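Only one structure is covered here, and it is reproduced in the block below.
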Amino acid sequence: MPALFQPFALRQLALANRIVVSPMCQYSARDGSASAWHHAHLGSLALSGAGLLMVEATAVSAEGRITDGCLGLYSDANEVALAPVAALARSVAPIALGIQLAHAGRKAASRAPWLGGKLAATEPGGWQPVAPSALPFNATDPVPRALGTAEVQAIPAQFAQAAARAARIGFQAFEVHMAHGYLLHQFLSPQANRRDDAYGGSLANRMRLPLAVFEAVRAAVPAHLPVGVRVSATDWLQHLPEPSWTCEQTIELARQLKSRGCDWIDVSSGGISLLQKIPLGPGYQVPLAQQIRGATGLATIAVGMITEPRQAEAIVAQGQADLVALGRGFLFDPRWAWRAAAELGAPVQAPKQYWKMVPKDCGLAFSEPPFGL
């Protein structure tokens with residue numbers, strides 16, 4: 001059996017294989033509530049053959065949304081709207097269903113990408129973003145409001161409440177978003193955090209809120225369900241004289257998370273500064289996942305320009321990461337896992353209704369999933 005198609009367990013959650021559908025923002029919610037688009041989008045990806053489907057970054061507060069179209073779980077209405085989407089995905093496929101919980105911080109109140117993606121805090125429907133310090137992401141952006149100490153201390157409860165809502169409606173895995181220049185990454189990185197209280201300065205202080213958020217989420221969901229974290233392993237700002245977030249600091253964060261019951265680290269990078277210098281190329285973030293895995297023993301997810309089945313197979317087979325995640329690859333080809341199974345000679349779960357569509361001599365073997373449609 002190819003390594004990519006070997007099962008994997010996160011606590012008591014059994015994954016059929018090592019393929020993950022990355023959380024991908026859709027900017028199609030209304031006041032944080034899922035729309036018909038989410039039914040279509042996630043219903044399709046539930047049939048992908050991947051082991052784990054992660055729902056897009058889901059805001060824990062209205063002001064924490066990246067755009068006014070971002071998904072949220074901060075209200076009863078949000079929970080009611082998302083529940084049937086989760087139920088649909090779980091009813092048509094055996095895929096494990098996870099959710100990424102997030103707060104955008106100073107990157108909030110932006111326009112959707114197809115509307116330019118610019119910060120729209122001062123435009124109709126916008127709001128003033130908050131941040132660890134009054135430092136904008138882009139010099140041309142409105143200055144975010146620095147959070148007061150009491151406001152910072154209230155954030156873990158927002159994440160915990162959203163996690164409890166997600167667990168209540170059937171999600172099986174939970175990922176805390178500490179990457180891509182969003183709020184928790186802003187607290188971690190000295191590029192965005194210039195506070196002089198207990199939440200700024202030293203590494204221990206900068207980790208204080210992210211660790212408190214993780215602890216709150218871990219406590220809010222049943223003990224048998226896994227909780228992981230997405231990190232930006234580096235700011236890619238080593239060329240600057242000012243301090244920034246590095247892989248060495250990420251390893252210490254991962255160690256602290258492991259001691260608190262973290263089940264995986266989803267390894268991305270960048271997003272805190274427009275001055276970043278990223279060495280883009282196939283699998284460019286995989287060495288970061290490998291470093292964190294080797295230093296901490298935590299399960300890692302590799303993500304970023306992983307496009308080909310044999311590339312993904314090598315990452316897992318060589319022990320660089322435990323799982324691989326694709327985002328754009330699944331948008332372009334929602335049956336990417338089927339193609340990987342055919343190329344690597346592995347069976348893949350698929351609904352019986354689709355079995356007759358397989359071209360002759362393509363090498364694809366379906367196994368019947370455990371659901372009764």
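The values are calculated or read from the model by the stated rules, or taken from the named source; none is laboratory data. Everything numeric in this text was worked out from a predicted model, so none of it was measured. Using ideal geometry, Cβ is built from the backbone for each residue, glycine included, and neighbour counts are taken over all protein chains shown. Side chains are part of the model used for accessible areas, which takes the heavy atoms of the whole protein and leaves out ligands, DNA and RNA. Shrake-Rupley method; radii C 1.70, N 1.55, O 1.52, S 1.80 Å.
Residues in the range 250-286 that are assigned to a helix (DSSP H, G or I) and either of a type in the set (Asp, Glu) or farther than 25 Å from residue 327 by Cβ (or both): 252, 255, 256, 258, 259. Residues in the range 304-327 that are closer than 19 Å to residue 288 by Cβ and part of a helix (DSSP H, G or I): 6 in all. Residues in the range 157-185 that are part of a helix (DSSP H, G or I) and under 16 Å from the mean Cα position of the chain (by Cα): 159, 162, 163, 166, 183, 184, 185.
Would you mention how many residues in the range 68-104 are under 25 Å from residue 21 (Cα atoms) and either in a loop (DSSP other than H, G, I, E, B) or small (Gly, Ala, Ser) (or both)? Residues flagged as under 25 Å from residue 21 (Cα atoms) and either in a loop (DSSP other than H, G, I, E, B) or small (Gly, Ala, Ser) (or both) within the range 68-104 amount to 21. The residues listed here are 43, 98, 105, 69; of these, the one that is in contact (Cβ under 8 Å) with a residue 24 or more places away in the chain, on the phi > 0 side of the Ramachandran plot and not hydroxyl-bearing (Ser, Thr, Tyr) is 105. The number of residues in the range 74-89 being touching a helix residue (DSSP H, G or I) at 6+ places or on another chain (Cβ under 6 Å) and within 15 Å of residue 26 (Cα to Cα) comes to 1.
State whether the residues of the range 347-357 include one that is crowded, with 16+ Cβ neighbours inside 10 Å and either in a helix (DSSP H, G or I) or small (Gly, Ala, Ser) (or both). Among the residues of the range 347-357, at least one is crowded, with 16+ Cβ neighbours inside 10 Å and either in a helix (DSSP H, G or I) or small (Gly, Ala, Ser) (or both), which makes the answer yes.
Residues are listed down the side, and each one gets a yes or a no for (1) under 23 Å from residue 155 (Cα atoms); (2) touching a Lys or Arg at 6+ places or on another chain (Cβ under 9 Å); (3) open to solvent by less than 10 Å² (accessible area, probe 1.4 Å):
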{"site": "83", "(1), (2), (3)": "no, yes, no"}
{"site": "89", "(1), (2), (3)": "no, no, yes"}
{"site": "104", "(1), (2), (3)": "yes, yes, yes"}
{"site": "109", "(1), (2), (3)": "yes, yes, yes"}
{"site": "115", "(1), (2), (3)": "no, no, no"}
{"site": "121", "(1), (2), (3)": "yes, no, no"}
{"site": "124", "(1), (2), (3)": "no, no, no"}
{"site": "128", "(1), (2), (3)": "yes, yes, no"}
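Here is a yes/no grid of residues against (1) out of contact with any helix residue (DSSP H, G or I) (no Cβ under 7 Å at 6 or more places or on another chain); (2) surrounded by fewer than 17 Cβ atoms within 10 Å (Cβ to Cβ):
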site: 294; (1), (2): yes, yes
site: 304; (1), (2): yes, no
site: 325; (1), (2): yes, no
site: 333; (1), (2): no, yes
site: 340; (1), (2): no, no
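For residue 76, the conditions (1) open to solvent by less than 10 Å² (accessible area, probe 1.4 Å); (2) more than 14 Å from the chain's Cα centre (by Cα) are fulfilled apart from (1). In this entry, residue 237 is excluded by the filter for residues that are part of a helix (DSSP H, G or I), open to solvent by less than 10 Å² (accessible area, probe 1.4 Å) and at pLDDT 95 or above. Can we say residue 57 is of a type outside the set (Val, Ile, Thr) and closer than 16 Å to residue 23 by Cα? Taking the combined requirement at face value, the residue satisfies it. For the range 243-251, indicate whether the set of residues that are touching a residue at least 12 places away in the same chain (Cβ under 8 Å), surrounded by fewer than 17 Cβ atoms within 10 Å (Cβ to Cβ) and in contact with a Pro (Cβ under 7 Å, 6 or more places away or on another chain) is non-empty. Scanning the range 243-251 turns up at least one residue that is touching a residue at least 12 places away in the same chain (Cβ under 8 Å), surrounded by fewer than 17 Cβ atoms within 10 Å (Cβ to Cβ) and in contact with a Pro (Cβ under 7 Å, 6 or more places away or on another chain).
Right, residue 173: of a type in the set (Gly, Ala, Ser), modelled with pLDDT of 95 or more and open to solvent by 10 Å² or more (accessible area, probe 1.4 Å) or not? The answer is no for residue 173.
Taking the range 207-230 as the range and being among the charged types (D, E, K, R) and either open to solvent by 20 Å² or more (accessible area, probe 1.4 Å) or without any contact (Cβ under 8 Å) to a residue 12 or more places away in the chain (or both) as the test, the residues that pass are 208, 215, 218.
Residue count for the range 190-206 satisfying the condition of being in contact (Cβ under 8 Å) with a residue 24 or more places away in the chain, open to solvent by 30 Å² or more (accessible area, probe 1.4 Å) and small (Gly, Ala, Ser): 1. With the requirement that a residue be assigned to a loop (DSSP other than H, G, I, E, B), hydrophobic (A, V, I, L, M, F, W, C) and open to solvent by less than 10 Å² (accessible area, probe 1.4 Å), what does the range 51-67 give you? If the condition is that a residue be assigned to a loop (DSSP other than H, G, I, E, B), hydrophobic (A, V, I, L, M, F, W, C) and open to solvent by less than 10 Å² (accessible area, probe 1.4 Å), then 60 is the only one that fits.
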